[in-house]
Each structure stands twice: as C-alpha cells, then as structure tokens.
Amino acid sequence: MTSPSQTGTSDGSPERLAAIHDRINLAAAAAGRAPGDISLIAVSKTFDAEAIVPVLEAGQRVFGENRVKESAFKWPGLRARYSGVELHLIGPLQTNKVKEALALFDVIQTLDRERLVNALVRERDAGTRLPRLFIQVNIGEEEQKAGVLPVEADAFITRCRDGLGLEIEGLMCIPPVDEDPAPHFRRLGEIARRNGLHKLSMGMSGDFEIAVAQGATHVRVGSAIFGHR
Ligand SMILES: *Cc1c(COP(=O)(O)O)cnc(C)c1O
C-alpha cells in the first residue's frame with residue numbers, strides 16, 4: 001500500500017519503540033513522576049500502513065497524524081486489524097475537513113482559532129460526539145506557527161469551556177526549533193495550571209525528556225521510532 005505523501009524510509013522498529021519507553025521511564029523517575037502518567041504518541045505521519053504494523057504488533061496503540069486525508073487513507077484499515085487504537089490529530093485542521101476529522105480521530109490537539117471551534121460546536125449541536133480536545137498554543141509566538149498566542153490563551157480557553165461548553169483536556173505546543181525548549185514547556189505548564197488544565201502535549205524526538213521533566217503528559221515521538229522522513 002502506498003500513499004502519495006509517503007516519504008518514510010524505514011519501518012517502525014519495535015526496538016526503537018522499546019528504547020523510547022525506557023527513556024521516558026528514566027526521565028519520569030528523574031523528575032519524580034510516575035511513568036504511567038506519560039502517554040507516548042507514536043507519530044506515524046508520512047509512513048505507510050505497512051511501516052506502522054510492526055509498531056502495532058509491538059503493542060503500541062496511541063498514534064499521531066498531522067493530515068486528515070493521509071489518516072483517512074491509512075487508519076480505517078489498520079483499525080480493522082488492531083483494536084484499541086487511539087488516534088490523535090496533531091496537525092492543523094481546516095474547517096472544511098472537520099466532519100472527516102471527527103470520524104477519524106479520538107483526540108484533536110490543534111484547536112487554535114474561533115472559526116474551528118465554532119465548526120466543532122455546530123457538529124456537536126447536530127448530534128455528533130466530539131473527540132477529546134486540546135488547545136494548541138503558539139508558545140514561541142512564531143509568525144508561521146499555528147496556535148493561540150500565550151496572551152490570548154486564557155480568554156480562548158474560557159471561551160471554549162464556559163462560552164461554548166466544550167470540554168478541554170489540555171494544551172499542546174511546538175516550541176521554536178532553534179531555542180532551548182525548557183522555558184517554553186514551563187510556560188505552557190503555567191498556562192495550563194492557572195486554567196485548571198491537567199494535560200500537556202509537548203516534546204518530540206529531540207526533546208521529549210526535557211518535556212517530561214517539565215510535566216508533559218503526552219509526548220509526540222516520530223522519527224526516533226519510525227526513522228527519518
Ligand atoms: C512530526 C511531528 C512530531 C514528531 O516529530 P519527530 O521530531 O519526528 O519526533 C510531533 N509533533 C508534531 C506536531 C509533529 O508535526
């Protein structure tokens with residue numbers, strides 16, 4: 001099976017998956033946290049179904065994808081073969097793809113604007129059960145990056161919860177690539193805490209241990225499991 005966007009060069013490796021679990025457990029122990037409080041999201045974007053199978057066979061069930069179309073191509077077939085899959089959307093969601101996204105994802109991590117939130121509310125009011133929801137914060141205030149700005153986060157969270165009755169589970173961020181991520185992770189934690197949110201999706205292949213030290217409850221690891229994209 002091939003997909004137009006496939007560029008992955010290797011299969012997901014059970015050994016690499018196990019090594020990531022070991023590193024999460026060590027980072028958790030070092031931070032005085034319980035390893036079970038941290039969920040590993042295996043980011044399988046750009047890798048085709050056959051590359052994902054070994055990771056499913058190794059017992060991994062939580063996966064992240066960044067594109068709706070690609071996920072629609074890969075995951076219904078994989079879900080038919082493996083039960084208990086939990087799929088997270090970690091890439092931007094266009095409002096015209098909301099319906100399709102709701103049919104595919106168990107968690108949407110990228111709520112980042114009023115228009116998208118309104119589209120979700122319309123679906124909910126029409127009777128569709130919404131997935132679990134995270135708000136993406138543009139923690140480094142980067143022009144090219146999605147997410148609500150830190151200064152707007154409190155108001156956006158309040159609007160979603162109190163104004164629209166959405167249940168918000170936590171916050172997600174992608175810090176600037178060329179900066180120390182720790183202060184950014186810490187800042188996301190502060191925004192979550194002062195808003196009574198308990199879940200933090202932060203940390204990728206290059207910095208997930210730092211994220212665990214700063215309170216991540218979900219780390220999103222792609223290339224360290226699946227190889228280079
Ligand atoms: C691709 C991606 C990841 C995984 O990145 P790696 O560096 O391959 O671990 C995590 N989060 C988001 C939002 C991504 O798009």
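Condition first: surrounded by 14 or more Cβ atoms within 10 Å (Cβ to Cβ), without any contact (Cβ under 8 Å) to a residue 12 or more places away in the chain and either away from the ligand (no atom under 13 Å from the Cβ) or closer than 25 Å to Arg113 by Cβ (or both). Can you find one or more residues in the stretch 38-61 that meet it? No; the residues of the stretch 38-61 include none that is surrounded by 14 or more Cβ atoms within 10 Å (Cβ to Cβ), without any contact (Cβ under 8 Å) to a residue 12 or more places away in the chain and either away from the ligand (no atom under 13 Å from the Cβ) or closer than 25 Å to Arg113 by Cβ (or both). Can you give me the number of residues within the stretch 196-229 that are farther than 14 Å from Met172 by Cβ and more than 9 Å from the ligand (Cβ to nearest atom)? Qualifying residue count for the region: 6. For the stretch 107-123, a residue qualifies if it is touching a residue at least 12 places away in the same chain (Cβ under 8 Å) and either within 14 Å of the ligand (Cβ to nearest atom) or more than 24 Å from Lys145 (Cβ to Cβ) (or both), and the qualifying residues are Val107, Ile108, Gln109, Thr110, Leu111, Asp112, Val121, Glu123.
Only one of the numbered conditions (1) surrounded by fewer than 19 Cβ atoms within 10 Å (Cβ to Cβ); (2) modelled with pLDDT of 95 or more is not met by Lys199, and that is (1). Among residues that are of a type outside the set (Ser, Thr, Tyr), part of a loop (DSSP other than H, G, I, E, B) and buried (at least 18 other Cβ atoms within 10 Å of the Cβ), Leu171 is not included.
Listed by first and then second residue, the pairs linking a residue in the stretch 202-221 that is assigned to a loop (DSSP other than H, G, I, E, B) to a residue that is modelled with pLDDT under 95 and within 8 Å of the ligand (Cβ to nearest atom), with Cβ atoms under 7 Å apart and 6 or more places separating them unless they lie on different chains, form an empty list. Where helices (runs of 4 or more DSSP H) sit wholly within the stretch 22-112, those with at least 3 residues that are over 19 Å from the mean Cα position of the chain (by Cα) occupy 49-57, 68-81.
The values are calculated or read from the model by the stated rules, or taken from the named source; none is laboratory data. It should be emphasised that the depicted structure is a prediction, and the values quoted were computed from it without experimental measurement. A quick note on method: Cβ atoms are made from the backbone with ideal geometry, for glycine too, and the neighbour counts reach across all protein chains shown.
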